[in-house]
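Colleague: Take this structure first; my questions come after.
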Amino acid sequence: DAKTTQPPSMDCAEGRAANLPCNHSTISGNEYVYWYRQIHSQGPQYIIHGLKNNETNEMASLIITEDRKSSTLILPHATLRDTAVYYCIVRGNRDDKIIFGKGTRLHILP
Amino acid sequence: EPEVTQTPSHQVTQMGQEVILRCVPISNHLYFYWYRQILGQKVEFLVSFYNNEISEKSEIFDDQFSVERPDGSNFTLKIRSTKLEDSAMYFCASSVTGGNNEQFFGPGTRLTVL
């Protein structure tokens, strides 16, 4: 089973920052937080991952709390093309497989 | 940018028939995976493959399923005798290394079993 809890859906206005929360209160010291998204029946797409420190790339920022029990994915300027299901995933450093939960369905509103 | 490709995009078959789903992983990747997603449900791990052998498989991946890397580029998933409940999107993925690493997913093959 997925080790994370996410809201089932969220709305965000186009052009605004989308902040997607994730709880992973049972995360252990060697487990990373990954984010993927799936745009309508396409293959999942990697977004970002982190261990302890906040991370930023060209797609998003990942903010991990100091106790690592929760994190937030930030899409700084959401566009309609960001409408997708966003998955927060916890993976150990030896875990090959990805265990997907139900994710958060993000609707970007024009 | 290199990407994982899958063929066909849609496969329709009769129950009991064999199907082979094909994937071309990214060329310098060494680890390969199959996942499936039944309509409206979660993406589920099926199998991981490295160095020409299965490294891990899920309970879903029973004796009806097999994987193969027949040459240096293709990675295939065979379902020996399809059942109605095998209808799903099947996604191939690959990664440079195993363990904690980014997996790149293909666009999927939609399998419909009639």
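Colleague: What is the number of the single condition among (1) more than 14 Å from every other protein chain (Cβ to nearest Cβ); (2) in contact (Cβ under 8 Å) with a residue 24 or more places away in the chain; (3) open to solvent by less than 40 Å² (accessible area, probe 1.4 Å); (4) within 13 Å of the chain's Cα centre (by Cα) that A:Ser61 does not meet?
Modeller: Every listed condition holds for A:Ser61 apart from (2).
Colleague: Next up: Could you pull out the residue among B:Val67, B:Val12, B:Val113 that is β-branched (Val, Ile, Thr), surrounded by fewer than 16 Cβ atoms within 10 Å (Cβ to Cβ) and away from chain A (no Cβ under 11 Å)?
Modeller: Numbers: B:Val67 fails: surrounded by fewer than 16 Cβ atoms within 10 Å (Cβ to Cβ); B:Val113 fails: surrounded by fewer than 16 Cβ atoms within 10 Å (Cβ to Cβ).
Unique residue meeting the criteria: B:Val12.
Colleague: A:Arg68 fails exactly one of the following numbered conditions: (1) in contact (Cβ under 8 Å) with a residue 24 or more places away in the chain; (2) in a strand (DSSP E or B). What is the number of that condition?
Modeller: It is condition (2) that A:Arg68 fails.
Colleague: Of the conditions (1) open to solvent by 80 Å² or more (accessible area, probe 1.4 Å); (2) within 14 Å of another protein chain (Cβ to nearest Cβ), B:Tyr90 satisfies every one except a single condition; which number is it?
Modeller: Result: B:Tyr90 fails condition (1) only.
Colleague: Let me ask something else. Within the stretch A:77-94, take every residue that is among the charged types (D, E, K, R) and in contact (Cβ under 8 Å) with a residue 60 or more places away in the chain and give me the one that is farthest from the other protein chains (Cβ to nearest Cβ). Quick ask: steps written out before the conclusion?
Modeller: Taking the stretch A:77-94 and keeping what is among the charged types (D, E, K, R), we get A:81-82, A:91, A:94.
Within this subset, residues satisfying the condition of being in contact (Cβ under 8 Å) with a residue 60 or more places away in the chain are A:82, A:91.
Values: A:Asp82: 18, A:Arg91: 6 Å.
Filtering the stretch A:77-94 for residues that are among the charged types (D, E, K, R) and in contact (Cβ under 8 Å) with a residue 60 or more places away in the chain, the one farthest from the other protein chains (Cβ to nearest Cβ) comes out as A:Asp82.
Colleague: Looking at the structure I just gave you, is B:Glu85 surrounded by fewer than 20 Cβ atoms within 10 Å (Cβ to Cβ), at pLDDT 95 or above and more than 10 Å from chain A (Cβ to nearest Cβ)?
Modeller: Values: surrounded by fewer than 20 Cβ atoms within 10 Å (Cβ to Cβ): yes; at pLDDT 95 or above: yes; more than 10 Å from chain A (Cβ to nearest Cβ): yes.
Judged against the criteria, B:Glu85 is a match.
Colleague: Please find, within the stretch B:3-20, the residue that is nearest to B:Ile60 (Cα to Cα) out of those that are touching a Pro at 6+ places or on another chain (Cβ under 8 Å) and assigned to a strand (DSSP E or B). Don't jump to the end; show me each part of the working.
Modeller: Restricting attention to the stretch B:3-20, the residues satisfying the condition of being touching a Pro at 6+ places or on another chain (Cβ under 8 Å) are B:4-6, B:9.
Subset that is assigned to a strand (DSSP E or B): B:5-6.
Working: B:Thr5: 23, B:Gln6: 21 Å.
Restricting to residues being touching a Pro at 6+ places or on another chain (Cβ under 8 Å) and assigned to a strand (DSSP E or B), the top hit is B:Gln6.
Colleague: Does B:Gln37 fit the bill of being within 10 Å of chain A (Cβ to nearest Cβ), closer than 26 Å to A:Ile39 by Cβ and open to solvent by less than 50 Å² (accessible area, probe 1.4 Å)? Before the answer, list the steps.
Modeller: Values: within 10 Å of chain A (Cβ to nearest Cβ): yes; closer than 26 Å to A:Ile39 by Cβ: yes; open to solvent by less than 50 Å² (accessible area, probe 1.4 Å): yes.
Criteria met by B:Gln37.
Here is a yes/no grid of residues against (1) modelled with pLDDT under 95; (2) among the polar types (S, T, N, Q):
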| position | (1), (2) |
| --- | --- |
| A:Lys3 | yes, no |
| A:Gly15 | no, no |
| A:Glu31 | yes, no |
| A:Tyr36 | no, no |
| A:Gln42 | yes, yes |
| A:His107 | no, no |
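Colleague: Separate question: Of all residues in the stretch A:44-58, which are under 24 Å from B:Phe91 (Cβ atoms) and either more than 13 Å from every other protein chain (Cβ to nearest Cβ) or surrounded by fewer than 12 Cβ atoms within 10 Å (Cβ to Cβ) (or both)?
Modeller: Across the stretch A:44-58, the qualifying residues are A:Asn57, A:Glu58.
Colleague: If you don't mind, another one. Filtering the stretch A:11-43 down to residues that are open to solvent by less than 70 Å² (accessible area, probe 1.4 Å) and either free of Cβ contacts under 8 Å to residues at least 24 places away in the same chain or acidic (Asp, Glu) (or both), which residue is nearest to A:Arg105 (Cα to Cα)?
Modeller: Across the stretch A:11-43, the extreme among qualifying residues is A:Ser41.
The values are calculated or read from the model by the stated rules, or taken from the named source; none is laboratory data. Computed from a prediction, not measured in an experiment: that's the story for all the values here. Using ideal geometry, Cβ is built from the backbone for each residue, glycine included, and neighbour counts are taken over all protein chains shown. Accessible surface is based on the protein model in full, side chains and every heavy atom, while ligands, DNA and RNA are left aside. Shrake-Rupley method; radii C 1.70, N 1.55, O 1.52, S 1.80 Å.
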